[in-house]
Amino acid sequence: MTGGGKLAGAAAWSRRSVVAALSMAAAGGCAVQNMRDPISLWAMSYEGDYSPMLMPAFTRATGLPVEVQTLPWTAAHEKLLTARAGDSLPDVFMLPDGWVGEFALIGALAPVTDSALLTGLFPGVSAATGPNGQPYAVPWSVAPQVQYYRRDLLERAGYAAPPEDWDSWRRMGQRLKARAPDDYAFLMLLNWWDTLFTFAGQTGARPLRERDTRGNFRDPRFRDALAFYVSLFRERLAPPALSTEVQDPVAAFAQGYFAVYPYGPTLTLDLHRRAAELPPALWSTARMPGPEGPGQVSGIAASLCVSARSRRPAAAWALVRHLTSPASELTYQRLIGTLPARAAAWDTPQLRQPALAAFAEQMRDPTREPMIVEWERIRIEVQLIAERVVRGQLGIDAALVAMDDRVDRLLAKRRALVETGQLA
Amino acid sequence: MTRQERTAWGFVLPVLAIILFVFALPTVLALALSVTDYSIYALADWGALRFVGLGNFTDLLTTPLFWRALGNTALFALLGVPMAIGTSLAAALLLHDASVRWKPLWRVLLFAPYVTSVVATAVVWRFLLNTRFGLLNRALGWIGVPPVDWLGDPHASIPAILLFVTWKIFGYNMIVFTAALAAVPHDLMEAARLDGASRWTRFRHVTLPAIGPTLLLAAVMSVAGFLQIFAEPYVMTLGGPAQSTTTVLYFMFDEGFKWWNLGQASAVAFILFLMILALTLVQARIGRRYEWL
């Protein structure tokens, strides 16, 4: 494995630099102290919780201790921004691909200079880039959205697997609803944008236009996606619920409150942990349906970045190299269900489980999303307007106008900067 | 300057310096920020910063969500202040009655929610308010009321959060009122009773004037508190459903810390400051009319 050799090389480099510092500076003691100082790593959710389990191997190989902090997804964006403003970012941190452009713009990230880190990626996976087109992040895990479905419930409604096109999928929902009127067919939480943007991505709609300076939500293809999304709630096939209302989706899935749950790969960990409630034989995964068949879906791919202000960039990159090695990614797949971004990891028997087949197929067909600072906010605000349509406060066409208006306002500053040429 | 004055300044200066640095200076800086378009682009490059004058304020006036946030906050304050103070006063009056035993125990139990963590209790309350298996809906079911979608219906979300907030904070003012009630002149009460004044008349003409200043203080603090309500909607509903619990402070937090539009957020902070100041002045004037101040 090349990963191990590189690790040792990086460690030697940092040791050499420490020795140099020792001989040059009278305050050599400080440098030794720095060496003992742990490298800091911030990661979100399970990736943060389980990171310490990947560290003993790294510390053994390099002698560098690592201190991990977990951030909750709901507060990660503001925490990282304030850390950048206060110049207290950790050496290494995880970012979803959609945020990389933003953090590169504000000078928080060091560019990836070692091209070996970006080779051997799974087809369809690529490094997120900054405004200048340079890569700033090393892909770590991929999380396309698929649908988790209850095999027994679908079988009773006459389906071996969920249909692949929108109309048949909705018909399946109607049949499920007819069999159990108090329950629902789908669970799509109303404050999460992922399913709406999956539907939109599958129509081929481009959400922004004019060099990503204006909204393009009045596009008929986006209208189709929104109309389909809203119809699932109007026909009461999905409950109009927020994430704060469904406290335990796994329990609700086990009870049959809904039969189909579009979600990312980490749900497999929860489902395996709670196999007593819902045996593995009763659920499976499939690609999300598209207008005419499966297509591109949204997802949260995670990358690792190194802070531009890291005092020990060599050690930080060594940690990135360790965490994104096929061996670490396979360990993580086993521990928390995230899917490896390295192609080599996919050649192992561990990833040939049937429940992962849908993810592997979906990963070959990723979406290309606008890499602009405002994108995260645009998705959230568009989803807020979609929520009002679902609740009957707004018609579909009025909503599309409202989305374009809102997005144009959010992009006003970007538009001004692009027009004056201050932004590429 | 006499020696006494010098000593006085010596005591006051450190405090004044702290107030200047942690209060006055940030306020002035925030005011300065509110006339710029400071955003994430300015974090990247100071060259992108522009002076926009009152642009942020006029912008806010045309932002529908800001108006909705103002409306939601007003609703929180209009319903919440009477609800919270009423509950506090009622609990204090009940505990004040001579026939109540184990008073310290009751006081501790009723005050306890005030010192608990918002996040932990919010999790419990989200379960209590759950539409399908929440205790509240089950209790309503016994008296024949159909289930209410407390946190999912845009019309029920504010009352649901107010239930939680009232439960959480009424203990504080209850203790304050308990202290005030103890100071109500006993002989005056006896005299009123001998003169045949009813329970309500005694409350209206003896108790209320005596606790007037305390009531005013509680009202001022509660209004300021409810206008700045943030943590409860943040942990209970994330501002939803359909932004029906997004308050002014929540809007400011999102703009400022989540999206780094600190120019816009400072403008919101300034407007909120003026609102609280204006309301407090009105309350002070009312207080002066009744000679409570």
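Calculate the mean, over all residues of peptide A:406-415, of how many other protein chain Cβ atoms lie within 10 angstrom of the residue's Cβ. Intermediate results must be reported in sequence, preceding the final value.
Working: counts 3, 0, 0, 3, 2, 0, 2, 8, 2, 0.
Going residue by residue through A:406-415 and averaging, the value is 2.
How high is the FRET efficiency from A:ASP49 to A:GLU361, r the C-beta distance, R0 30 Å, rounded to 0.05? Kindly include the intermediate steps, with their values, before the conclusion.
Values: r = 29 Å, r/R0 = 0.95.
Once the sixth-power term is evaluated, E becomes 0.55.
Sorted largest first by accessible area at a 1.4 angstrom probe radius, with every protein chain in place, the residues A:GLU102, A:GLU235, A:GLU361 fall in the order A:GLU361, A:GLU235, A:GLU102.
What is the Cα centroid distance between the range A:144-160 and the range B:273-289, reported in whole angstrom? A separation of 61 Å, based on Cα centres. For A:ARG236, the accessible surface of its heavy atoms amounts to roughly 120 Å² (probe 1.4 Å, protein chains only, rounded to the nearest 10).
The listed residues A:GLU47, B:GLU190 rank as B:GLU190, A:GLU47 when sorted by accessible area, largest first, using a 1.4 Å probe. What is the helix-to-structure angle for B:208-227, meaning the angle in degrees between its Cα long axis and the longest Cα principal axis of chain B, kept from 0 to 90 and rounded to the nearest 10? Once rounded, the angle reads 30 degrees.
Using just its DSSP H runs of length 4 or more, each adding -39500 (n - 2.57), chain B gives a mean residue ellipticity at 222 nm of -21500 deg cm²/dmol after division by all residues. Springs between alpha-carbon atoms under 10 Å, Gaussian network over chain B: tell me which of B:PHE170, B:PHE257, B:PHE66 tops the mean-square fluctuations. Comparing B:PHE170, B:PHE257, B:PHE66 in the GNM, the peak value goes to B:PHE257.
When the surface is traced with a 1.4 Å probe over the full set of protein chains, A:SER126 keeps roughly 50 Å² accessible.
Ligands, DNA and RNA excluded, the heavy atoms of B:VAL115 present near 110 Å² of accessible surface to a 1.4 Å solvent probe. Compactness of chain B, taken as the C-alpha radius of gyration over 2.2 N^0.38 Å, stands at 1.24.
Straight Cα distances below 21 angstrom link B:LYS168 to the lysines B:LYS103, with same-chain residues fewer than 8 positions distant left out. For the pair B:TRP67 and A:ASP152, a Förster radius of 45 Å applied to the C-beta separation gives a FRET efficiency near 0.35, rounded to the nearest 0.05. FRET efficiency for B:ALA183 and B:ARG204, Cβ-Cβ distance as r, R0 = 22 Å, nearest 0.05? The pair B:ALA183/B:ARG204 has a calculated efficiency of 0.80. For the range B:65-289, build the charge dipole from Cβ charges (+1 Lys, Arg; -1 Asp, Glu) around the Cα centre, then report which of B:ILE211, B:HIS155, B:SER117 sits farthest towards its positive end. Farthest along the dipole direction, towards plus: B:ILE211. Length available on full extension from B:PHE21 to B:VAL115: 0.36 nm per residue minus the Cα-Cα distance, which gives 30.9 nm.
Counting Lys and Arg as +1 and Asp and Glu as -1, each charge on the Cβ, what is the dipole of the range A:145-220 about the Cα centre in debye, to the nearest 20? Mind dumping the intermediate values first?
On the way: 13 positive and 11 negative charges, 29 e Å.
The calculated dipole for the range A:145-220 is roughly 140 debye.
A simple charge model with +1 on the Cβ of Lys and Arg, -1 on the Cβ of Asp and Glu and nothing else charged puts the dipole of the range B:65-289 at about 320 debye relative to its Cα centre. Solvent-free Debye calculation, one equal scatterer per alpha-carbon of the range A:124-251: log10 I(q)/I(0) at 0.10, 0.12 Å⁻¹ equals -0.44, -0.61. Between helix B:157-182 and chain B there is an angle of about 60 degrees, using the helix long axis and the longest principal axis of the Cα atoms.
About its Cα centre, what dipole magnitude does the protein assembly as shown give when the only charges are +1 on Lys and Arg Cβ and -1 on Asp and Glu Cβ, stated in debye to the nearest 20? Here the protein assembly as shown has a charge dipole of around 880 debye.
Projecting the Cα atoms of A:LEU153, A:THR331, A:ALA357 onto the charge dipole of chain A, computed from C-beta unit charges around the Cα centre, puts A:THR331 farthest toward the positive end.
Whole Å is fine, so just give me how far the alpha carbon centre of the range A:221-297 lies from that of the range A:186-209. After rounding, the separation between the Cα centres reads 14 Å.
Between B:LEU105, B:LEU65, B:LEU16, the GNM of chain B built on Cα springs shorter than 10 angstrom shows B:LEU16 fluctuating the most.
Summarise the partner chain shielding of B:243-249 as one whole number: the mean count of Cβ atoms from other chains within 10 Å of each residue's Cβ.
For peptide B:243-249, the averaged partner shielding equals 1.
Diffusion coefficient (Stokes-Einstein, Kirkwood radius over C-alpha pairs, 20 °C, 1.002 mPa s) for chain A: 93 µm²/s, rounded to a whole number. Counting only helical runs of four or more DSSP H residues, what would the 222 nm mean residue ellipticity of chain A come to if each run contributes -39,500 (n - 2.57) and the total is spread over all its residues? That calculation yields -14000 deg cm²/dmol at 222 nm.
Model label sites at B:LEU277 and A:ALA75, defined 7 Å from Cα along the beta-carbon direction, differ in position by 3.2 nm. Remark: spin-label model distance B:LYS258-B:ARG132 equals 2.6 nm, labels positioned 7 Å along the Cα→Cβ axis.
The values are calculated or read from the model by the stated rules, or taken from the named source; none is laboratory data. Predicted model, so just to flag it, every value in this text is computed and none were measured. Heads up, the Cβs are rebuilt from the backbone with ideal geometry, glycines too, and the neighbour counts pull from every protein chain shown. In case anyone asks, the SASA skips ligands and DNA or RNA and just uses the protein heavy atoms, side chains included. Shrake-Rupley method; radii C 1.70, N 1.55, O 1.52, S 1.80 Å.
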